[in-house]
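Scroll down for the structure; my scribbles are underneath it.
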Amino acid sequence: MTNTVGSIDVGSNNDIAPFQVADLRRVMADADLEDIIDDLVEAFLDDAPVRMQNIGMSVEAASSKEIRTAAHAYKSAAASIGAEQLAELLRRLEVAGAEGDCTRAAALLPLVRVAHDTVVARLREEFGS
Amino acid sequence: MKILIAEDDKVARLMLKSTLESFGHEVVETDNGVTAWEQYSQEHYRLMIVDWMMPQLDGLELCRAVRAEQRPVYTYIIMLTVLGGKGCYLRAMDAGADDFIRKPLDRDELAARVRVAERILGLYSEVTQLESLLPICSYCRKIRDPNDRWHDIEVYISNRTESSFTHGICPDCYQSRIEPQIRQVDRVES
């Protein structure tokens, strides 16, 4: 099943569950890095709002190159903390930028924003701000 | 080993640094290609792990700059990226990278890649040593390896090169060692 925003197909993300803090704990346990989890969350929460703001500005400016760069920059951090849905949406946004499709990027932006807000909110609930 | 890392993403950098430190390595971290280059210019690093996409100076440009220096001691470079595919792999290799790791980082994969880097750098050191100065004991003629172990010269060279030894006697040794023995045998027989 695919999502559409207006008449634009932005792909499916129904098979990827929204972020849970347990995902982060699993990723850190797999990496044997449980002892730096607080530092990692702090680093993520420091960077994520700026990353999201850059994405919003690049979409607003309809600059496909900047969309690609901004989405790519945030994707790495999202994947690193186990936020798979956010990382997948950022990958699609990056592809839209790479293909010069600013309309699809604009359609993806609200989905990216919701996934971003969810991740940030869950991390703040669990670890404080 | 002292490792220089260049990664602009704070989260990825922290994970990379912590993981490498947990393997027992000393890590010098930089958050962009320019700072990494400045650090490399001040000190030699045998292993660098660099992100592909960084502002100002990206991983490919950093690789090219390191290779253009042509320092006598080799620097092994691992490129770190979320990009994939044969095209990206080939571009990284063309720029001078030795290996490639996909993000997000996998601890076991990183450990394996770093072990390979250490192995290759070790072999490189041995080859360089064979091509240059071999520390040799003045008395027993044993040779010291890079790990401070002493080896018989024949064993050392045979184990590290394609060479093997055939045994003969040089004119000086023939004169000083063999001829006296022959003369002694002749005397006994007469």
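The values are calculated or read from the model by the stated rules, or taken from the named source; none is laboratory data. Small disclaimer: the values here were computed from a predicted structure and weren't measured. Backbone-built Cβ (ideal geometry, glycine too); neighbour counts: all protein chains shown.
Points to keep in mind about this one:
- Taking the range B:96-137 as the range and being among the aromatic types (Phe, Trp, Tyr) and over 30 Å from residue A:76 (Cα atoms) as the test, only B:124 passes.
- Positions within the range B:127-154 being in a loop (DSSP other than H, G, I, E, B) and among the aromatic types (Phe, Trp, Tyr), in sequence order: B:139
- Residues of the range B:101-113 that turn out to be at pLDDT 90 or above and in contact with a strand residue (DSSP E or B) (Cβ under 7 Å, 6 or more places away or on another chain), as a count: 4
- All helices (runs of 4 or more DSSP H) inside the range A:13-121 with 3 or more residues being within 11 Å of the chain's Cα centre (by Cα) and either away from chain B (no Cβ under 11 Å) or closer than 21 Å to residue B:32 by Cα (or both): A:37-60, A:64-80, A:84-98
- Top-ranked residue in the range B:155-177 [being in a loop (DSSP other than H, G, I, E, B) and within 30 Å of residue B:1 (Cβ to Cβ); ranked as nearest to the chain's Cα centre (by Cα)]: B:161
- Lone unmet requirement of (1) outside the structural domain of residue B:12 (by TED's automatic domain parsing); (2) part of a loop (DSSP other than H, G, I, E, B); (3) at pLDDT 90 or above for residue B:180: (2)
- Taking the range B:1-38 as the range and being over 22 Å from the mean Cα position of the chain (by Cα) and in a loop (DSSP other than H, G, I, E, B) as the test, the residues that pass are B:7, B:8, B:9, B:31, B:32.
- Residue selection: residue B:148 satisfies the criterion of being of a type in the set (Asp, Glu) and surrounded by fewer than 13 Cβ atoms within 10 Å (Cβ to Cβ).
- When the range B:43-81 is filtered for residues that are more than 17 Å from residue B:31 (Cβ to Cβ) and either touching a residue at least 60 places away in the same chain (Cβ under 8 Å) or in a loop (DSSP other than H, G, I, E, B) (or both), the ones remaining, listed by number, are B:43, B:44, B:46, B:47, B:70, B:71, B:72, B:73, B:74, B:75.
- Here residue A:24 meets the list (1) among the aliphatic types (A, V, I, L, M); (2) modelled with pLDDT of 90 or more; (3) buried (at least 23 other Cβ atoms within 10 Å of the Cβ) almost entirely, failing just condition (2).
- Failed criterion for residue B:56 (all others in (1) within 14 Å of chain A (Cβ to nearest Cβ); (2) under 21 Å from residue B:108 (Cα atoms) hold): (2)
- Matching residues in the range B:1-29 - criterion: being touching a His at 6+ places or on another chain (Cβ under 9 Å) and either within 13 Å of chain A (Cβ to nearest Cβ) or among the hydrophobic types (A, V, I, L, M, F, W, C) (or both): B:1, B:3
- Positions within the range B:92-112 being surrounded by fewer than 17 Cβ atoms within 10 Å (Cβ to Cβ) and in a helix (DSSP H, G or I), in sequence order: B:93, B:94, B:107, B:108, B:109, B:111, B:112
- Residue within the range B:75-85 that is farther than 17 Å from residue B:6 by Cβ and either modelled with pLDDT of 80 or more or not assigned by TED's automatic domain parsing to the domain that holds residue B:41 (or both) present: no
- Checklist (1) in contact with a helix residue (DSSP H, G or I) (Cβ under 9 Å, 6 or more places away or on another chain); (2) surrounded by fewer than 18 Cβ atoms within 10 Å (Cβ to Cβ) applied to residue A:110, failing item: (1)
- Checking residue B:100 against (1) over 20 Å from the mean Cα position of the chain (by Cα); (2) more than 14 Å from residue B:23 (Cα to Cα), the condition it does not meet: (1)
- The single residue among B:117, B:111 that is within 14 Å of another protein chain (Cβ to nearest Cβ), in contact with a Phe, Trp or Tyr (Cβ under 7 Å, 6 or more places away or on another chain), closer than 30 Å to residue A:81 by Cβ and not acidic (Asp, Glu) turns out to be B:111.
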